[in-house]
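Presented below is the structure to which this report refers.
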Amino acid sequence: MRLKPTALSLAAVLTLGCTTPLYFYPVKGPVPVIKGTYTGGMPPVIRLQLPDGEHCTGDWSQVKPETLLGNPIGTPAPGSLSAAWDAIYGSGFYLARVLGSARHGQVLLKGDRGTTLSFEAYWDTIKDSPMQGVALDSRGNLYKVAQ
């Protein structure tokens, strides 16, 4: 059975420590598809292995709409991947769908050899909508991320 990213199932994942696969599809860069995992817990953890064998991990956190207070209206939060969202999902997607959403999270994955990978995900408010995500690594590779 595949978990749906509703508030109830997200709470179950966080409580039970379930593991969900994530797939990082390259949009820019000569790399193969990378498989990662989301493991619920406190905090949830994202893990993946890059094609060269480097292991990356990071703690998942929700981007809360109230953290955007103080930013001018329509301005991405500091450290956001707004340009990556628009490059993958179309111009204006970040502003129209992701910015200020209660269902938006992010993580900075750190590799054991120095590579970093910024990853953000968003779930639409429509019931049982799939996760949409983007990632950008320190090598300049851009990824579309899906479950």
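Each row is one residue, and each column tells you yes or no for (1) modelled with pLDDT of 95 or more; (2) hydroxyl-bearing (S, T, Y); (3) under 9 Å from the mean Cα position of the chain (by Cα).
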{"site": "R97", "(1), (2), (3)": "no, no, no"}
{"site": "G100", "(1), (2), (3)": "no, no, no"}
{"site": "R113", "(1), (2), (3)": "yes, no, no"}
{"site": "T116", "(1), (2), (3)": "yes, yes, no"}
{"site": "G133", "(1), (2), (3)": "yes, no, yes"}
{"site": "V145", "(1), (2), (3)": "yes, no, yes"}
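Can you tell me which of L14, L8 is more than 18 Å from F119 (Cα to Cα), surrounded by 15 or more Cβ atoms within 10 Å (Cβ to Cβ) and at pLDDT below 90?
Just one listed residue meets the conditions, L14.
Taking residues in region 124-147 that are in contact (Cβ under 8 Å) with a residue 60 or more places away in the chain, and partners anywhere that are outside any loop (DSSP other than H, G, I, E, B) and among the basic types (K, R), the pairs with Cβ atoms closer than 8 Å and at least 6 places apart or on different chains are G133/K144; G140/K28; N141/K28; L142/K28.
For I88, the criteria (1) more than 19 Å from P21 (Cβ to Cβ); (2) assigned to a loop (DSSP other than H, G, I, E, B); (3) in contact (Cβ under 8 Å) with a residue 60 or more places away in the chain hold in every case but one, which is (2).
The values are calculated or read from the model by the stated rules, or taken from the named source; none is laboratory data. Remember, predicted model here, so these are calculated numbers, not experimental data. FYI the Cβ positions are ideal-geometry reconstructions off the backbone, even for glycines, and counts take in every protein chain you see.
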